[in-house]
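Below is one structure; the comments refer to it alone.
The values are calculated or read from the model by the stated rules, or taken from the named source; none is laboratory data. The shown structure was predicted, so the numbers you read here are calculated from the model rather than taken from an experiment. Backbone-built Cβ (ideal geometry, glycine too); neighbour counts: all protein chains shown. The accessibility values were calculated without ligands, DNA or RNA, using every heavy atom of the protein model including side chains. Shrake-Rupley method; radii C 1.70, N 1.55, O 1.52, S 1.80 Å.
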Amino acid sequence: MKHYLGIDLGGTNIAAGITDETGSITAKYSAKTNAAQPFEGLVRDIAETAKKAVEIAGLELSDIAAVGLGTPSCINPRTNLLVNANNLNWQNVPLYDELKKYFDMPVFIQNDAACAALGEAICGAAARYENAVMVTLGTGVGSGIIMNKRIFNGCDDMGAEIGHTKLVYDGLPCTCGQKGCFEAYASATALINQARNAANQNPESAMNEMCGGDMSKMNAKIPFDAAKAGDITAEAVIEKYIDYLAAGLSSAIALFRPQAIIIGGGVSAEGDYLISPLKKKLFDCTFSAEQIDIPEIVTARLGNDAGIIGAAMLCRA
């Protein structure tokens with residue numbers, strides 16, 4: 001039985017785990033991400049966190065067959081540099097070369113959202129499907145495309161950015177510098193902005209009371225809670241948000257025809273209150289839905305372990 005080391009690098013935490021060939025985690029360890037330090041220091045922290053997980057598993061680094069790392073952004077195949085990880089203050093850094101200073105075995109690096117999608121496809125919500133698309137609804141919209149249980153990222157391994165497909169021509173500005181991206185309308189950040197605007201325009205809305213009249217305290221859960229309580233303004237916010245979500249996902253369905261769409265990220269915690277109306281709206285706006293049907297819509301199941309498992313399974317693939 002081979003042992004793989006999977007590492008999920010986030011802006012808040014570094015999580016490392018040891019898995020077997022099936023993706024089952026046998027040990028894990030996490031540490032805080034100190035993004036303020038120089039690049040080389042953070043890579044050293046990644047290595048130290050990984051070594052702790054290896055120790056907890058009762059193994060030596062020499063027992064590890066390969067290392068997989070899920071990270072924000074992706075590796076440019078022309079330069080072998082990590083392109084741009086804003087929350088880590090990394091731009092065009094030699095991540096692979098730096099990691100190889102600590103790991104004398106094969107090292108694989110992939111986008112963190114793609115790793116999470118692979119984890120869910122192998123061990124989680126889409127384990128019974130060969131082909132799936134995952135979107136994570138958080139600060140942005142992360143995405144991963146799985147074809148035949150493998151990550152699909154296009155010809156140069158830099159694709160699958162569903163969050164940056166265009167939803168509205170010349171629409172709202174996106175953090176990527178473009179306008180009208182799916183992310184600008186369907187991320188948790190977008191939902192918060194939509195809720196703030198509606199609450200400001202409707203002072204009687206329960207959303208105002210729920211955030212204590214302080215719009216800086218608005219979060220993505222408040223409009224859902226207010227809508228569940230019967231607040232008309234919040235209900236309208238949620239319906240419009242799900243309209244945006246369905247429109248963006250319908251394009252992914254038309255392009256890739258996955259067997260399942262996996263919804264992850266903080267917004268996915270709303271469960272059926274989100275998924276049930278989303279299914280109905282997707283049926284109405286998806287190409288040939290009446291003839292072919294829409295894919296199964298499922299919520300992510302593995303939580304923070306998805307990135308670890310997916311990163312480790314890069315090694316198996």
Exactly one of Leu59, Leu5, Leu42 is touching a strand residue (DSSP E or B) at 6+ places or on another chain (Cβ under 9 Å) and assigned to a helix (DSSP H, G or I), and that one is Leu42
Do we have Glu209 as assigned to a loop (DSSP other than H, G, I, E, B), more than 30 Å from Ile294 (Cβ to Cβ) and open to solvent by 60 Å² or more (accessible area, probe 1.4 Å) here? no
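Quick grid of which residues meet (1) under 30 Å from Gly17 (Cβ atoms); (2) outside any helix (DSSP H, G or I); (3) open to solvent by less than 50 Å² (accessible area, probe 1.4 Å); (4) not aromatic (Phe, Trp, Tyr):
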position	(1), (2), (3), (4)
Ala247	no, no, yes, yes
Ala254	no, no, no, yes
Ile262	yes, yes, yes, yes
Leu274	yes, no, yes, yes
Lys281	no, no, yes, yes
Phe287	no, yes, no, no
Gly303	yes, yes, no, yes
Taking into account only those residues within region 193-206 that are aliphatic (A, V, I, L, M) and under 15 Å from Tyr241 (Cβ atoms), which is surrounded by the fewest Cβ atoms within 10 Å (Cβ to Cβ)? Ala198
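Table: residues versus (1) of a type outside the set (Val, Ile, Thr); (2) farther than 15 Å from Glu120 by Cα.
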{"position": "Ala254", "(1), (2)": "yes, yes"}
{"position": "Pro258", "(1), (2)": "yes, no"}
{"position": "Ala269", "(1), (2)": "yes, yes"}
{"position": "Ser276", "(1), (2)": "yes, yes"}
{"position": "Lys281", "(1), (2)": "yes, yes"}
{"position": "Ile294", "(1), (2)": "no, yes"}
Quick check on this structure: which one of Ile294, Ile238, Ile275 is under 22 Å from Ala199 (Cα atoms), in contact (Cβ under 8 Å) with a residue 12 or more places away in the chain and β-branched (Val, Ile, Thr)? Ile238
Mind listing just one residue for me: the one in region 15-27 that is among the hydroxyl-bearing types (Ser, Thr, Tyr) and in contact (Cβ under 8 Å) with a residue 40 or more places away in the chain and, of those, least open to solvent (accessible area, probe 1.4 Å)? Thr19
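A quick yes/no check of all residues on (1) in contact (Cβ under 8 Å) with a residue 40 or more places away in the chain; (2) of a type in the set (Phe, Trp, Tyr); (3) surrounded by 17 or more Cβ atoms within 10 Å (Cβ to Cβ):
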{"site": "Tyr29", "(1), (2), (3)": "no, yes, yes"}
{"site": "Val54", "(1), (2), (3)": "yes, no, yes"}
{"site": "Pro72", "(1), (2), (3)": "yes, no, yes"}
{"site": "Asn84", "(1), (2), (3)": "no, no, no"}
{"site": "Asn89", "(1), (2), (3)": "yes, no, no"}
{"site": "Asp112", "(1), (2), (3)": "yes, no, yes"}
Given the structure, is Gly266 at pLDDT below 95, touching a strand residue (DSSP E or B) at 6+ places or on another chain (Cβ under 9 Å), surrounded by fewer than 21 Cβ atoms within 10 Å (Cβ to Cβ) and more than 20 Å from Tyr129 (Cα to Cα)? yes
Counting only residues that are surrounded by 24 or more Cβ atoms within 10 Å (Cβ to Cβ), among the β-branched types (Val, Ile, Thr) and outside any helix (DSSP H, G or I), region 146-191 contains a total of 1
Restricting attention to region 221-239, which residues are open to solvent by 20 Å² or more (accessible area, probe 1.4 Å) and within 18 Å of Gly140 (Cα to Cα)? Lys221
Just to be sure, is Ser216 over 24 Å from Ile297 (Cα atoms), assigned to a helix (DSSP H, G or I) and out of contact with any helix residue (DSSP H, G or I) (no Cβ under 8 Å at 6 or more places or on another chain)? yes
For the structure I just gave you, tell me whether Ala125 is open to solvent by less than 20 Å² (accessible area, probe 1.4 Å) and either in a helix (DSSP H, G or I) or under 16 Å from Ala317 (Cα atoms) (or both). no
